[in-house]
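Enquirer: To start, I am sharing the structure in question, which I have written as structure tokens.
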Amino acid sequence: MPGANVPEPEYVAARRVLLDAYEALGVHRKAVVLVGAQAIYLHVGEGDLAVSPYTTDGDLALDPRELEDNPELNATLEAAGFELTIRPGTWTMTDVHIDFMVPTSLGGGGRRGARLGVHGTEFARKATGLEAAVVDYTLVRVGALDPADTRMFDVRVAGVAALLVAKLHKIDERKDTPDRLQDKDGLDVLRLLRFAETAHLAGTLVALAEHAIARDVTRQARGFLQEHFSHREGIGAQMAVRASIGLEDSAAIAISCEALARRLLTAWT
Amino acid sequence: MRLGVSAYRLRRMILPGNVPGVLMHVPQNAMFHIVRNRRKAGTMSARAAGDVIRKRLPRGWSAELKPGAGNESSLLTLRGTGGRGARLNVVSRSQVGPKDVSRLVSQAKDVSRTLLVAPFLGARTRELLAGAGVSYIDATGNIRLTVSEPAVFIEARGAERDPDRKPRALRSLKGAAAGRVVRALCDFMPPYGVRTLAEASSTPLGTVSRVVSLLEEEALLTRDAKKVITAVDWPALLTRWVGDYSVTGSNMMSAYLEPRGLSALGAKLAKLGRYAVTGSLAGPAIAPARLAMLYVEDVERAAEVLELVATEAGANVWLLEPYDPVVFERTQTLTLAPEKRSVTAAAPTQVVADLLTSPGRGPQEAEALIEKMKGTEDAWRKRP
């Protein structure tokens, strides 16, 4: 697979900034869980889809229950060279964005910004569907892609089940505003479905659907999977098709979504 | 050996309807009588037919042949002891097969008064003729003559096989047997004779000889004065083979989708019984394979074990029920990137034929594989 051994420079930069954020977070590291495309990439790797899982964004779920009061987060990130470019929640360094997101049910009142006590309301924004990520994660030792950068952090990386739940919520939330839909999210769902062993994934989802924090979003996600992926014409399946058009056979992508979603739904009872 | 006519003396019997008649039952060795009536191989004249029938008739009966003028058929008149006669239209054919019977029947003026004369009539042809009520006689002694008025019924068995049947020269390499011989010729390093080749390819000697003769005529192999095969132009032979063989035309192909992508397939192959990877996956690896081709013994079971989705659109796996089990022979072990998993692949010669007849870049991959194989002949060509 081209690029498997020599990462693209964008990847290298994205990883470096992610590590910068981790370095800055210090004692707060235990409160963040890596989600989004970078987390998917850590699980799935390049996979064998012809579409690279390329991303420069770092998405971090923040569990307010794990946050310390000191040091104050905004000041800490600014000191490390990050800038709050989109309020609330998007911190940027050298054109690489790190998005801090708090699961809606843990984010307190307010519309967009998460209420984080001493850390204010602009450090992170609320996002639905991330509840599963603060429950289902594994520790992964993550280093730089640049051999000269020797930093290593034990990063909480959301599990495949939690990542699936989060992606399904993102797709459903944006389904009525097509210009906000990002087709690559459909393909990310397919990546997860292709990678995961069905019975194991279903087992985790069943457990998440019983967990006090993750229960509601996980149960909703089952409906979204059914609605958007378990049919080849579904919104999600077609997003995956559009994201890979010209590089993958459209029918193969759509039917793969359908078959794998159905298998997961059958196992997830 | 010649048996006297008395040996064939026939049981008299009363035909249904109490009509006095004759049943002539002539044992199989009747052909010894009839051979002398054959003027030359492949023909039987109406006159010769008349002679044979005359000898089979009961005492007191007569048979008179009146040759037809121009396009008219000859007439054979049978007369019983009471003086009453029946006229049969004699239809002569140089060759009659089962498929010719219906046309013959539809063209006959009166089926029950038609006598078909041919050098040889096979069992199926005779069965169809009898079913249609057509009387017949062939030069090997197969006779069925049935006339109701005056009543006579003569039946005799001659040869089951056409004694004039020459081994037909082979024109194509279609079929499993030809495929096995081609595979063996390519896979095994000469010299060897046809007997060894027959054994090595589990194919009857006659078939092997015909294939070898055809290939010798087409200069695809060389034999010495002692008829030992000394050289096989295997790249040319494989190219010639795919004129008659194709991966989808000769094997039973079913299209499937591995929804997890081809890289997920390798790990599951071990769960199959006998299988052999062919096509791009077993090719020269000049590009990532987009389609996996697998020979399996039972397609439906394999699809279940491999968790494949049956689909024409978007298929990335072809399961092939092979033209012959030879696809599972002389296999090779290949390592699939990127997981470095060992899989069983069809013999390189089979892979070449399958790639040559594959869609997309298959033919180019086949050429690349042939080039690679030319340099490693000692490794993949074995002694039979």
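Enquirer: Could you go through segment A:99-107 and let me know if any residue there is within 20 Å of A:ALA13 (Cα to Cα) and within 19 Å of the chain's Cα centre (by Cα).
Expert: Yes - at least one qualifying residue is present in segment A:99-107.
Enquirer: Still on this structure, please answer the following. So how many residues does segment B:128-153 have that are open to solvent by less than 30 Å² (accessible area, probe 1.4 Å) and farther than 24 Å from B:SER102 by Cβ?
Expert: So the count comes out to 4.
Enquirer: Moving to a separate point now. From the set of residues in segment B:251-270 that are among the charged types (D, E, K, R) and within 11 Å of chain A (Cβ to nearest Cβ), which is surrounded by the most Cβ atoms within 10 Å (Cβ to Cβ)?
Expert: Kept after step one, since they are among the charged types (D, E, K, R), are these residues of segment B:251-270: B:258, B:260, B:268.
Narrowing the set further to residues that are within 11 Å of chain A (Cβ to nearest Cβ) leaves B:258, B:260.
Working: B:GLU258: 22, B:ARG260: 24.
The residue in question is B:ARG260.
Residue-by-condition table, conditions (1) in a loop (DSSP other than H, G, I, E, B); (2) without any contact (Cβ under 8 Å) to a residue 40 or more places away in the chain; (3) within 14 Å of chain A (Cβ to nearest Cβ); (4) surrounded by fewer than 16 Cβ atoms within 10 Å (Cβ to Cβ):
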{"position": "B:GLU304", "(1), (2), (3), (4)": "no, yes, yes, yes"}
{"position": "B:GLU312", "(1), (2), (3), (4)": "yes, no, yes, yes"}
{"position": "B:VAL327", "(1), (2), (3), (4)": "no, no, no, no"}
{"position": "B:ARG330", "(1), (2), (3), (4)": "yes, no, no, no"}
{"position": "B:VAL343", "(1), (2), (3), (4)": "no, no, no, no"}
{"position": "B:THR349", "(1), (2), (3), (4)": "no, no, no, no"}
{"position": "B:ALA353", "(1), (2), (3), (4)": "no, no, no, no"}
{"position": "B:SER358", "(1), (2), (3), (4)": "yes, no, no, no"}
{"position": "B:PRO363", "(1), (2), (3), (4)": "no, yes, no, yes"}
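Enquirer: May I ask you to verify whether B:LEU238 is modelled with pLDDT of 95 or more and not polar (S, T, N, Q)?
Expert: Criteria met by B:LEU238.
Enquirer: Any residue in segment A:185-196 that is within 12 Å of another protein chain (Cβ to nearest Cβ), assigned to a loop (DSSP other than H, G, I, E, B) and either out of contact with any Gly (no Cβ under 6 Å at 6 or more places or on another chain) or not hydroxyl-bearing (Ser, Thr, Tyr) (or both)?
Expert: yes
Enquirer: For segment A:234-268, which residues satisfy the criterion of being over 17 Å from B:LEU257 (Cα atoms) and either out of contact with any helix residue (DSSP H, G or I) (no Cβ under 8 Å at 6 or more places or on another chain) or among the acidic types (Asp, Glu) (or both)?
Expert: A:ILE245, A:GLY246, A:THR266
Enquirer: Additional query: Taking segment A:133-157 on its own, how many of its residues are outside any strand (DSSP E or B), in contact (Cβ under 8 Å) with a residue 24 or more places away in the chain and of a type in the set (A, V, I, L, M, F, W, C)?
Expert: Residues of segment A:133-157 outside any strand (DSSP E or B): A:133-136, A:144-151.
Pick out the ones that are also in contact (Cβ under 8 Å) with a residue 24 or more places away in the chain and you get A:133-136, A:144-146, A:149, A:151.
In the following step, the residues that additionally are of a type in the set (A, V, I, L, M, F, W, C) were identified as A:133-135, A:144-145.
The number of residues fulfilling the criteria is 5.
Enquirer: While we're on this one: Can you say whether A:ASP216 is in contact (Cβ under 8 Å) with a residue 12 or more places away in the chain, open to solvent by 60 Å² or more (accessible area, probe 1.4 Å), of a type outside the set (Lys, Arg) and assigned by TED's automatic domain parsing to the domain that holds A:GLY45, as far as the supplied structure shows?
Expert: So A:ASP216 fails the test.
Enquirer: Condition first: over 28 Å from A:ALA50 (Cβ atoms) and among the hydroxyl-bearing types (Ser, Thr, Tyr). Now tell me which residues in segment A:163-216 satisfy that.
Expert: A:THR177, A:THR204
Enquirer: Separate question: Can you tell me which residue within segment A:255-269, out of those that are more than 7 Å from chain B (Cβ to nearest Cβ) and within 16 Å of B:ALA310 (Cβ to Cβ), is most open to solvent (accessible area, probe 1.4 Å)?
Expert: In this case the residue turns out to be A:ARG262.
Enquirer: Moving to a separate point now. When the residues of segment A:105-121 are narrowed to those that are assigned to a loop (DSSP other than H, G, I, E, B) and open to solvent by less than 10 Å² (accessible area, probe 1.4 Å), which ends up farthest from A:GLU66 (Cα to Cα)?
Expert: Within segment A:105-121, the match that is farthest from A:GLU66 (Cα to Cα) is A:ALA114.
Enquirer: Sticking with this structure for a sec: Among the listed residues B:VAL90, B:VAL101, identify the single one that is open to solvent by less than 60 Å² (accessible area, probe 1.4 Å), out of contact with any strand residue (DSSP E or B) (no Cβ under 7 Å at 6 or more places or on another chain), closer than 23 Å to B:GLY141 by Cβ and among the β-branched types (Val, Ile, Thr).
Expert: After applying the criteria, what remains is B:VAL101.
Enquirer: Write out, first by first residue and then by second, each pair whose Cβ atoms fall under 7 Å of each other, whose residues are 6+ apart or on separate chains, and whose first residue, in segment B:83-101, is in the same structural domain as B:GLU149 (by TED's automatic domain parsing) while the second is open to solvent by 100 Å² or more (accessible area, probe 1.4 Å) and assigned to a helix (DSSP H, G or I).
Expert: So the pair list comes out as B:PRO98/B:ARG124.
Enquirer: Among (1) open to solvent by 10 Å² or more (accessible area, probe 1.4 Å); (2) closer than 25 Å to B:LEU265 by Cα; (3) part of a helix (DSSP H, G or I); (4) at pLDDT 95 or above, which single condition is A:ARG222 missing?
Expert: Here A:ARG222 clears every test but (2).
Enquirer: What is the one condition in (1) farther than 16 Å from A:LEU260 by Cα; (2) more than 14 Å from chain A (Cβ to nearest Cβ) that B:ALA285 does not satisfy?
Expert: Evaluating B:ALA285 over (1) farther than 16 Å from A:LEU260 by Cα; (2) more than 14 Å from chain A (Cβ to nearest Cβ) leaves (2) as the failure.
Enquirer: Could you identify the single residue in B:LEU116, B:LEU104, B:LEU128 that is under 23 Å from the mean Cα position of the chain (by Cα) and either over 30 Å from B:LEU88 (Cα atoms) or not in a loop (DSSP other than H, G, I, E, B) (or both)?
Expert: Testing whether each residue is under 23 Å from the mean Cα position of the chain (by Cα) and either over 30 Å from B:LEU88 (Cα atoms) or not in a loop (DSSP other than H, G, I, E, B) (or both) leaves just B:LEU128.
Enquirer: Under the condition of being within 13 Å of chain B (Cβ to nearest Cβ), at pLDDT 95 or above and within 21 Å of the chain's Cα centre (by Cα), which residue from segment A:231-252 is surrounded by the most Cβ atoms within 10 Å (Cβ to Cβ)?
Expert: A:ALA240
The values are calculated or read from the model by the stated rules, or taken from the named source; none is laboratory data. Because the structure is predicted, anything quoted here is derived from the model rather than measured. A quick note on method: Cβ atoms are made from the backbone with ideal geometry, for glycine too, and the neighbour counts reach across all protein chains shown. Surface areas here come from the heavy atoms of the whole protein model, side chains and all, with no ligands, DNA or RNA. Shrake-Rupley method; radii C 1.70, N 1.55, O 1.52, S 1.80 Å.
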